[in-house]
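Since every read-out is calculated from the coordinates, none of them should be taken as a lab result. All figures in this text were calculated on a predicted structure; none of them were measured in a lab. Quick reminder, even Gly has a Cβ in these numbers, built from the backbone with ideal geometry, and neighbours come from all protein chains shown.
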Amino acid sequence: MGRPYKILMVDDEPDFEPLVTQRMRHRIRPGDYCFVFANNGVDALDLLQEDQDIDIVVSDINMPHMDGLTLLEQIPRVDPSVRAVILSAYGDMKNIRTAMRRGAFDFITKPIDFNDLEETIERTRHHLDAWRTALSSRDALVTAQGEPASSVDPRREAEN
Amino acid sequence: MTVATSAMKRPYNILVVDDEPDLEPLIMQRMRRRIRRGTHSFEFANDGVEALEKLNDNPEIDMVITDINMPRMDGLTLLDQIPNVTDIDVRCIVVSAYGDMQNIRTAMNRGAFDFVTKPLDFEDLQITMERALRHLEEWRAALSSRDALVALQNELEVASSTQQSILPKTFPKSDEYQVFANMEPARNVGGDFYDVIRLESGKVGLAIADVSDKGVPAALFMMSSRTLLKGAAIGLAEPGEALREVNELLYEENETMMFVTVLYSIFDPASGTFTYSNGGHDAPVLVRAGGGAELLSLTGGVALGVAPDINFPSQTIQLDPGDTIVLYTDGVTEAMNGDGDQFGVERIQEVFEANPPTDSEQATHALFDAVREFVGDTPQSDDITCLVLRRAQDST
C-alpha cells in the first residue's frame, strides 16, 4: 500500500476536528487515511495550494469567508485532480442539487453518519485510483509515441 | 478527447426504467430535440428485470435512468446488479422521491453517478444527464489511451527486437584483434547503434552513433542512418569521406529535423593503424597497453543530417599490441546517479586505468558494470552503448 489517503475536512464547527479524528481513528491509525482540517473555503484553498498530496475535500456548505458551494467552483482551478464531497443539512435538497451540478463527487448529510462517510471516501478513492491509472497510461502513451506532452493538464478535462 | 464530436457518432443510448406508463411519452416529448438531432436515443423498461435484459442485449447502452420503487426488481437492486452485466460501461442516475435521503444515499453508495427527484425537473435532469455523459466520454477516452498503450507496447516490442536484431551480435575475433559491443536501450526502442563492417584487405569498419531523439521516430532514423553508413563504408576507403556521403544523403531527406552523431573508424590489423572521423560524437578513449587511458583528439566534424557540404576530417593513430579503443555514446557519460551526478568521461578512464582491459568483451562488460553500479536505482534515461576494439597483445 502507498501513502495514506489525504482528506481535507472543511467545517467551521470547533468540535469537528476531534469528532472526525475520534470516529475515524480505525482508519488513521493503520495509515489508511490522513486528515487535515480547515475552517472555511479560503483556508481550504490555501491548504490545497500548498499540499499537492490532498486527494479528497469534504466540505460543509455554510461557513464564513467562503462557503462550500463557492469552494467547489474554485477547487478545479487549484487542483483539478481533487474530488469533492459536500456536507449538507439533512434534506437540504436545493443545496445538494447545486453542489452536485457544480461537480461534487457526492454528498453526505449532517449529522454525519460516519459509516456513510467512510463508504463514500472509499468509493471516491476507487474512482480516483481508476482515473489516475488511466491518466498515467495516457502519459505513458504520449511518451512512448515520442511526442511532446500536451501543455494542457489532462486532469482538468476529467473535471465535471 | 473532445466531447464536441459526439454529434458525429452514434447517439447516446439511454435506458429509462420506470413502471409509470406516462413517463415514456413525457421523455420523448421533452427530449425531442436531442432525439431529432440524433445525439440521444431512448429505450424504456418497466422494471429492473426488464432493464437487465436490455442491458445484456445491448452493450451500447451508455446510461441508465432508473426509478427506485418498481415491481419485480426495484432500482436499488438494479444498481447492485448492473456491475454483473459484462461488456457495459454505463453511468446511472436514480430518480427518487423528493427528500428521500435514505434511498438517495443507498443509491449513491451503490454506485449511482447522481440522482434527480420527483416530480421530474427536466432542466435538472438534462444537466445531470449531460454531466454524466461528459464524464463517461472522458473516462472512455482515458481507457482508450490505456488500450492504445498496450497495443503500442506490443508493437514496440516487435520494433525493439527488430532493431536489436540488426545490431551485430557476433564480432570479429582473430589473432590480431578483437571487437565487442553492446547497446542497452532506455526505452523499448532506442536511437543508439553500433556497427562492425568487414572491409577489403582485412580491414574492419567500426561505427558508433546516437540519434538526437528517442522512441519510434529515433529508431526509424537510426535504421536509415545505419543502412546509409554501411553502404558508404563499403564504397569509400576513408572514414571522413563516408561520413560526408552519409551526411549528404541524410540531409536531403531529413524532414524530421533529427540528427545523428557518429564516430566512424577503420582499423587495419596489418599495420595497426586506426583512422577515425568524428561527426559531432564524443571522443574515443585509448587505453594504452602499458597503462593509462587518454581521450583521442576530436576531428572537428559536426552531427550528420543538419547541413549540407560539410567536411569530416580524419585522423590516424598507431595502435600498439595490447592497446584498446573504447567508443561510447553519451548514455555512458551522462548516466546519472541519485544525486544527479553524471558518470562522466573521467570515470571511463578510471575504469580502465584501474583494471587494464584483457579482452574486448571483458572491457565492455566492465564499463557497463561500472555504469550500473554508479547509477544504482536511478532509472535509465538514455540508450547506453559501448564498442571496444583491442589489438591483440602478441600481434605484430
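Tabulated values for the structure
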quantity: Amide H within-cut-off set for B:Ile384, under 5 Å, with H built and near neighbours excluded; calculated: B:Glu184, B:Ala186
quantity: Qualifying lysines (Cα of each under 18 Å from Cα of A:Lys94; at least 8 residues distant if same chain); calculated: A:Lys110, B:Lys118
quantity: Exposed-loop-free span, longest in chain B, where trypsin sites (Lys or Arg not before Pro) count as exposed if DSSP calls them loop and at most 14 other C-beta atoms lie within 10 Å; calculated: B:170-396
quantity: Net lengthening on full extension, A:Cys34/A:Phe114 (0.36 nm per residue, minus Cα-Cα); calculated: 27.3 nm
quantity: Global form of chain B, assessed from the alpha-carbon gyration tensor, a/c cut-off 1.5; calculated: prolate
quantity: Relative contact order for chain B, counting Cα pairs under 8 Å that sit 6 or more residues apart, in percent; calculated: 13
quantity: Gyration tensor (alpha-carbon) shape descriptor, segment B:167-391, a/c threshold 1.5; calculated: oblate
quantity: Amide H within-cut-off set for A:Phe37, under 5 Å, with H built and near neighbours excluded; calculated: A:Met9
quantity: Descending semi-axes in whole angstrom, ellipsoid equivalent of chain A, from the Cα gyration tensor; calculated: 28, 18, 14
quantity: Pairwise label distance in nanometres, B:Thr227 with B:Glu346, each label 7 Å out on the Cα-Cβ vector; calculated: 4.4
quantity: Contact order relative to length of segment B:210-341, as percent, for alpha carbon pairs under 8 angstrom and 6 or more apart; calculated: 25
quantity: Surrounding net charge for A:Ile61, when Lys and Arg each add one and Asp and Glu each subtract one, Cβ distance under 10 Å; calculated: -3
quantity: Estimated [θ] at 222 nm from DSSP helical runs (n ≥ 4, -39500 (n - 2.57)) normalised by residues in chain B, nearest 500; calculated: -12000 deg cm²/dmol
quantity: Mean Kyte hydropathy of -0.5 or more with a Cα span along the axis of at least 18 Å, helices from DSSP in chain B; calculated: B:122-166, B:215-235, B:360-375
quantity: About the Cα centre, charge dipole magnitude for segment B:4-145 (Lys/Arg +1, Asp/Glu -1 at Cβ), debye; calculated: 660
quantity: Top positive-direction residue, dipole computed over segment B:114-188 with Cβ charges, set B:Tyr177, B:Ser165, B:Ala141; calculated: B:Tyr177
quantity: Lys/Arg +1, Asp/Glu -1 at C-beta; chain A dipole; positive extreme among A:Met63, A:Tyr5, A:His126; calculated: A:His126
quantity: Placed amide H near B:Asp192: partners under 5 Å, 5+ positions off or other chain; calculated: B:Val211
quantity: Sum of side-chain charges, B:Glu252 neighbourhood, beta-carbon under 15 Å (Lys, Arg +1; Asp, Glu -1); calculated: -4
quantity: Helix-only mean residue ellipticity at 222 nm for chain A, each DSSP H run of n ≥ 4 adding -39500 (n - 2.57), per residue, nearest 500; calculated: -14500 deg cm²/dmol
quantity: Unit charges on C-beta of K, R, D, E only; dipole of segment A:5-132, Debye; calculated: 440
quantity: Environment charge of B:Val49, counting only residues whose C-beta is closer than 12 Å and scoring Lys/Arg +1, Asp/Glu -1; calculated: -3
quantity: Cα-based Rg of segment B:47-189 normalised by 2.2 N^0.38 Å, two decimals; calculated: 1.87
quantity: Mean separation of Cα contacts under 8 Å (6+ apart) over length of segment A:5-132, as relative contact order %; calculated: 22
quantity: Approximate shape of the protein assembly as shown as ellipsoid semi-axes (Cα gyration tensor, √5λ), whole Å, largest first; calculated: 66, 28, 19
quantity: Cα centre as origin, Lys/Arg/Asp/Glu Cβ charges: segment B:230-276 dipole, Debye; calculated: 220
